[in-house]
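Participant: Handing you this structure, nothing more for now.
The values are calculated or read from the model by the stated rules, or taken from the named source; none is laboratory data. Since the model is a prediction, treat every value here as computed from it, not as a measurement. Note: ideal-geometry Cβ built from the backbone for every residue, glycine included; neighbour counts use all protein chains shown. Areas reflect the complete protein model, heavy atoms only, side chains present, ligands, DNA and RNA absent. Shrake-Rupley method; radii C 1.70, N 1.55, O 1.52, S 1.80 Å.
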Amino acid sequence: MALTCKQCGTNIPAPSEDQSWARCPNCQTVMNLSEAESFSDLSQVGAFLPPGMKLRRLSDGLQLTYNWFNPSYLGLAFMALVWTGAIVGGFNDFGWWLLVVPHFWVGVGMGAVALINLINRTRITITPDKLSIVHFPIPFPFYRRFDPILLKQLYVREVKHQHKSSVSYTYDLYVTTWSGRSHKLVSKIKATHLALALEKEIERFLGIKDQSMPGEFRWLSERENRQLWQTWQGLAKALSLKFDPGPFLEKSMVAGVYRGYNLQVAAFYSSQHRRACTRIQLAPASPPLEASPRFTPEDLPDLPLSSQQILSLLTSGDIPREKGAQIKVSADAQKIYYEHSQIIADVQQLRQMCDWVVNLAEGYAKLRAIGAEAVPALETLAAKPEHVLNAAARQLIQDIAADTTTRLGHQPDSFYCRRCLTRCAAHTGQVTLIKTVTYYGCRTCRQSRALLEWIGPVVAVLDSRMTEKWVEQAGAVRVNWLLQRVLFDFEAVEIVQASDEDIERFAVQVGNDTDPLRQPYYKEMSCRIGLSCHLSDNSLRVLRSIFGSVERGPLLADVSETATDDRREIEDQEQSVSGSIAAS
Ligand SMILES: [Zn+2]
Ligand SMILES: [Zn+2]
Ligand SMILES: [Zn+2]
């Protein structure tokens, strides 16, 4: 399935994540990649992809990759290092005899086991004619392949490992063939959700209808089974969703379109809690119409949003405070997961949660559109690991960074904030203690949604007759300081018509400006005073002390109002008037 745009024929890079649509980079046309995926058959809905697992669509198949990373092996890796280090160090030099010291081999063995469990990955590739399993970079266990046509059903088994003082569990993925034999496809999978996601995605790709198998891993008690059956049906009815009982209740789900989102509610087994939990999964029902929804300038409030306003947009007020509740967000909020550490048997409570997750998705989209301005408030959430919205805030900062970088990153200097008329600049967003991202927004207020793109000069104009906040004229943007009343980024000053009082205010602001990008340039800046503007000597002196050059001269306004021939005449008059002011 090589992806080319139906509109313009451009090659479209295949989305690497579990994304059911792709956007043409050239004409922005959105294509649905899974026309077959409809909610009429819920068993064909994609599995929840746990962290550490990736699904990639190939031109003729599917590739599932997951890493083995298990932090509990960090200790063993350290021990192996110390152990071999001590042996090698103890003998003070290397030699072939090391190879006959059994202690050395114990150290190497420990190291290898630790390394495999830290860095190894498994990749399962399925095409119509083969299913292959490789482990890399350390090829252990060995490569295996199957002919998909022989496969009848996949299922997961739990394996209990009894240690001296503890018990641990791993999961094996089995396959039965049409001849009735069972093969172990992948063994020692650390987490249930990995194993179950593999089963589901492989069955989905091969078109195998999931069936119950003897010895298959089940985790719901009789009581939970009865409860859930009723709850799922109640929820489906209340929210007009579909209930798919699956081969058994562990694999059942309630799904459908709710408030514009694809909603899925299911029970899952948490290896961590060793009990059934609830997961609500949300994805936009249709791809966003625009890559980055923009605000119209009218949407921009005069004042920056307070961090409280920003956070209330994200949560629309209420946050579920249940212990053990977790929210995960995939890039661009293509998927939002809400996990509750228990089975919820109350339909009303489940309904509330569904609404809450949809509210969050809407808030997320709003803040993403607001952009850079929201980052400082989000950073306070990102710094609280215990906060239920921590992961959402961290993802949102990264999404905003990616979006503003594409839009403004190539030339932040040529974008001016509509609110402050200062240029955009790079800011640093703190995602975690050690991870930062670069995002772009106004240097002063950080907003990134209402900007003016302009590469020419900007002139600060003091003209009491000017009614516009700013105009584009003769290759320059002329900004009315008398209306703006605060400093912005400009390259030149024109005083057309202003009182000494205004000049003083303006001069005080410029004199006290601490902006590191603007401050050094005032000494080189030219300030032109209109021929018909009368200023006191004191005002002129103040202006001369601030700007590089202060001169009277025909301004754009003078030239446009009078013919070029008349200019000298006005100039003469002007000089005589200013002379008389000086004399009086
Ligand atoms: Zn296209
Ligand atoms: Zn199955
Ligand atoms: Zn601004």
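Participant: For Ile397, state whether it is in contact with a helix residue (DSSP H, G or I) (Cβ under 7 Å, 6 or more places away or on another chain) and outside any helix (DSSP H, G or I). Steps first, answer last, please.
Facilitator: Working: in contact with a helix residue (DSSP H, G or I) (Cβ under 7 Å, 6 or more places away or on another chain): yes; outside any helix (DSSP H, G or I): no.
Considered against the rule, which asks whether it is in contact with a helix residue (DSSP H, G or I) (Cβ under 7 Å, 6 or more places away or on another chain) and outside any helix (DSSP H, G or I), Ile397 comes out as no.
Participant: Only residues that are part of a strand (DSSP E or B) and more than 16 Å from ligand 3 (Cβ to nearest atom): list them for the range 429-455, please.
Facilitator: Selection gives Gly429, Gln430, Thr436, Val437, Thr438.
Participant: Of all residues being outside any strand (DSSP E or B) and touching an Asp or Glu at 6+ places or on another chain (Cβ under 9 Å) in the range 456-485, which is least open to solvent (accessible area, probe 1.4 Å)? Just the residue, please. Step through it out loud before you land on a result.
Facilitator: Going through the range 456-485, the residues outside any strand (DSSP E or B) turn out to be 456-457, 464-469, 474-475, 481-485.
Those still in the list that are touching an Asp or Glu at 6+ places or on another chain (Cβ under 9 Å) too: 456-457, 464, 481-483.
Values: Gly456: 23, Pro457: 62, Ser464: 77, Trp481: 1, Leu482: 27, Leu483: 92 Å².
By that ranking, first place goes to Trp481.
Participant: Looking at the range 203-224 only, could you name the residues that are assigned to a helix (DSSP H, G or I) and more than 9 Å from ligand 2 (Cβ to nearest atom)?
Facilitator: Residues satisfying the conditions are Arg204, Phe205, Leu206, Glu222, Arg223, Glu224.
Participant: How many of the residues making up the range 493-507 are β-branched (Val, Ile, Thr) and free of Cβ contacts under 8 Å to residues at least 40 places away in the same chain?
Facilitator: The qualifying residues number 0.
Participant: To continue, here is another question. Condition check: more than 13 Å from the chain's Cα centre (by Cα), in a helix (DSSP H, G or I), more than 9 Å from ligand 3 (Cβ to nearest atom) and not aromatic (Phe, Trp, Tyr). Does Arg407 satisfy that?
Facilitator: Taking the combined requirement at face value, the residue satisfies it.
Participant: For the range 429-443, check the following and say yes or no: at least one residue is open to solvent by less than 20 Å² (accessible area, probe 1.4 Å) and more than 30 Å from Gln281 (Cβ to Cβ).
Facilitator: At the first step, the residues of the range 429-443 found to be open to solvent by less than 20 Å² (accessible area, probe 1.4 Å) are 429, 431, 439, 441-442.
Right, trim to more than 30 Å from Gln281 (Cβ to Cβ) and you get 441-442.
Checked against the condition, which is being open to solvent by less than 20 Å² (accessible area, probe 1.4 Å) and more than 30 Å from Gln281 (Cβ to Cβ), the range 429-443 yields at least one hit.
Participant: Now for a different question. Identify all residues within the range 245-265 that are open to solvent by less than 30 Å² (accessible area, probe 1.4 Å) and in contact with a helix residue (DSSP H, G or I) (Cβ under 8 Å, 6 or more places away or on another chain); write none if there are none.
Facilitator: Scanning the range 245-265 gives Leu249, Ser252, Met253, Val254, Ala255, Gly256, Leu263, Val265.
Participant: Among the numbered criteria (1) away from ligand 2 (no atom under 16 Å from the Cβ); (2) assigned to a strand (DSSP E or B), which one does Phe268 miss?
Facilitator: Tallying (1) away from ligand 2 (no atom under 16 Å from the Cβ); (2) assigned to a strand (DSSP E or B), Phe268 fails exactly one: (1).
Participant: Can you name the number of the only condition in (1) open to solvent by less than 50 Å² (accessible area, probe 1.4 Å); (2) modelled with pLDDT of 85 or more; (3) assigned to a loop (DSSP other than H, G, I, E, B) that Pro554 fails?
Facilitator: (2)
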